[in-house]
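Notes to accompany the following structure.
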Amino acid sequence: MIEFISVTKRYPNGAEALKNTNLCIEKGEFVFLVGSSGAGKTTILKLLYRELLPTRGTIKVLGRDVVKLKKREIPFFRRNMGLVFQDFRLLADRNVYENVAFALRVIETPTREIEKRVMESLELVGLKGKVKSKPSELSGGEQQRISLARAIVNQPAIILADEPTGNLDPDTSIDIVNLLRVVNLRGTTVIMATHDQEIVDRLRKRVIEVEDGEIVRDQLKGGYRHEA
Amino acid sequence: MRLRTWAYFIAEAFKSIFRNGWMSLASVGVVIITLFLLGSFMLLNYNIAFLSSDIKSQIEVVAFLDEGVNRSQVDQLYLKITGFEEVEEAVFVSREDALQRLRAQMGEQGYLLEGYEDQGNNPLRDSFEVRTFVPEEVPELAGKIKQLSGVSRVDYGSEVLDRLFTVTRILNWVGVAFMIALGISATFLIANTIKLTVFTRRQEIMIMKMVGASDWFIRWPFVIEGLVLGLLGSLVPVAGLYFGYQYLVEWVNFNIPFLALMPTAEVFQFLLQTLFILGIGLGILGSSFSLRKFLKV
């Protein structure tokens, strides 16, 4: 369902973020992308949601050739994925409900449908009781849960999470990852870039390690570090 | 697109206008100032054109005839002169009529002309007063008439005319240049102001791109915002100029009666639409300019 064929990404400054990379991820998988900062994790995610184009190679997502997407097709392509970031990216001037509903409004979902789906998502992340709160009134963990609720409200096929626990304490981090596991169990493919050793070691999922733009390890039920 | 979506766009536009109240006020202010200047200048330009066409319409060619031309020669000359395609009308003024006119102009001193009435004593010449359709054609026509036999001299106030044409031409060019410069600076200012509005909402735009909103979905609220700002900005100068000009026309009519300004209704027939369209256009153009950069996510 996700396929990288000989993908190279070179930035305008000449840095090679990804070198001739091949990668295949099946539907319903839960994958950790690990590696030091600047290794190429974020580049892989950005290539997947077509914020970046590869310098060379082919990227296939959900049966579509991402490189060949027309400009006007990009928004519709992105509706297949939910994005979660380290910095939450919530709208500070809107309450919890509006932040989640926003994702549906801008793709012109009927109003009745919006209310039903927003409440379902908020229930899943356990914030149904805080619909009227503003993001600033919530803890970091709660804010990330809203961000997750927004990512899944559109029922996407894939969730891409870039260091979603990077700003959170260990207990809260585990809450977030558990929510991602729940989403994964419902059939959504989850790809999570992370530095969080404890979580990776605890979950024992597929681990793809990137180093200097190359995949140095691809291990089912792996840990954060390479284990002989 | 659905009606509900449009309602959403319009609501978003107004929310954003109030959310960034000061910025919106600045944008409207820029539109007001620009259109006010532009409108005043257009009024000035219209009136210069109006006044100069008034003056131009009074310009005519006077062709003095040779002494002793007879009736049939005069008729032939009349046919030749009215035969030129530039000529609107030609009027024959006999030497007797001319003397009468001069006498009337001199008023009380008219008695000085006594004794010149006799056939042999009248010092004046028969003449044709010729009017053209287009004042600019006067010099050339004067040359042609001068060539006709039986015409001794042609007079058309050539220097005054040439100077007038030069002045109106320069004024027109200065006017056009001034308006272009104002238009460019206005677009630039509005684009900059709306860029700030967009900048304060960049997080929102980024999230919209993230969740798959189409470019036009993102663009519309800003375009509507620009449109509303432009419209608001054109209301003030339109109203201000309308009432100001009306007052000016009344004042001039009362105090300087010989200066004929263009009537208010006539001027604003065109000016009204122009200012509204320009205001709206500037707003939309400004917001489109400032959005382009932010949509490349």
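Rounded to the nearest Å, what's the spacing between the alpha carbon centres of region B:237-296 and region A:97-136? Just the number, please. Between the Cα centre of region B:237-296 and that of region A:97-136, the gap is 47 Å.
Its residues counted as N, region B:17-117 yields a C-alpha radius of gyration over 2.2 N^0.38 Å of 2.23. The listed residues A:68, A:128 rank as A:68, A:128 when sorted by accessible area, largest first, using a 1.4 Å probe.
Please give the peptides A:138-145, B:101-108 ranked by average Cβ packing (other Cβ atoms within 10 Å per residue), highest first, as a rough proxy for protection. Intermediate values should be presented prior to the final figure.
Values: A:138-145: 19.6, B:101-108: 10.8.
Final packing ranking: A:138-145, B:101-108.
The A and B chains share an interface that buries close to 2000 Å² of accessible area, total over both sides, probe 1.4 Å. In the protein assembly as shown, carbon and sulfur make up what percent of the accessible area (probe 1.4 Å)? Result for the protein assembly as shown: 57 percent of the exposed heavy-atom area is carbon or sulfur.
Amide H contacts for residue A:86 (H built 1.01 Å from N in the peptide plane; partners 5 or more residues away or on another chain; cut-off under 5 Å): A:162. Couplings 3J(HN,Hα) for region A:180-195, derived from phi with the Karplus relation 6.51 cos²θ - 1.76 cosθ + 1.60 (θ = phi - 60°), are 4, 5, 4, 4, 4, 5, 7, x, 7, 6, 10, 10, 10, 7, 7, 10 Hz, where x marks Gly and Pro. The helix-based estimate of mean residue ellipticity at 222 nm for the protein assembly as shown, built from -39,500 (n - 2.57) per DSSP H run of four or more residues and divided by its residue count, is -18500 deg cm²/dmol to the nearest 500. The overall shape of region B:60-155, judged from the alpha-carbon gyration tensor, is prolate: a/c is not under 1.5, and a/b is greater than b/c. Inter-label distance, residue B:48 to residue A:185: 8.1 nm, where each label sits 7 Å from its Cα along the C-beta direction. The antiparallel fraction among DSSP beta bridges confined to chain A stands at about 50%.
Cross-link pairs exceeding 26 Å between alpha carbons, from the set A:9/A:70; A:68/A:205; A:71/A:134: A:68/A:205; A:71/A:134. In summary, the lysines within cross-link reach of residue A:116, defined as a Cα separation below 17 angstrom excluding same-chain residues under 8 places away, comprise A:128, A:130, A:132.
Look at the stretch A:102-112: the mean tally of other chain Cβ atoms within 10 Å of its residues' Cβ atoms is 5. Across all Cα atoms of the protein assembly as shown, the radius of gyration (one decimal) and Dmax (whole number) stand at 40.2, 138 Å.
How large is the accessible surface per residue of the protein assembly as shown, computed with a 1.4 Å probe and reported in Å² as a whole number?
51
Classify chain B from the C-alpha gyration tensor, please: rounded if a/c falls under 1.5, else prolate or oblate depending on whether a/b exceeds b/c. Can you show the working numbers first?
Numbers: a/c = 4.71, a/b = 3.22, b/c = 1.46.
Prolate shape, in that a/c is at least 1.5 and a/b is the bigger ratio.
Please compute the average number of Cβ atoms from other chains found within 10 Å of each residue's Cβ in peptide B:199-210.
Per residue, the average neighbour count from other chains is 4.
Can you tell me the alpha carbon radius of gyration of region A:22-82 divided by the globular rule-of-thumb value 2.2 N^0.38 Å?
Numbers: Rg = 12.1 Å, N = 61, 2.2 N^0.38 = 10.5 Å.
That works out to 1.16 for region A:22-82.
Counts of other chain beta carbons within 10 angstrom of each beta carbon in peptide A:74-81 average 4. A Cβ-based charge dipole, computed about the Cα centre of the protein assembly as shown with Lys and Arg at +1 and Asp and Glu at -1, lands at about 4020 debye. Each part reduced to its alpha carbon centroid, region A:146-210 and region B:186-217 end up 30 Å apart.
The values are calculated or read from the model by the stated rules, or taken from the named source; none is laboratory data. Note that this is a predicted model, so its numbers are computed, not measured. All Cβ positions, even for glycine, are placed from backbone atoms using ideal geometry, and neighbour counts span all protein chains on display. Calculation scope for accessible area: heavy atoms of the full protein, side chains included, ligands and nucleic acids excluded. Shrake-Rupley method; radii C 1.70, N 1.55, O 1.52, S 1.80 Å.
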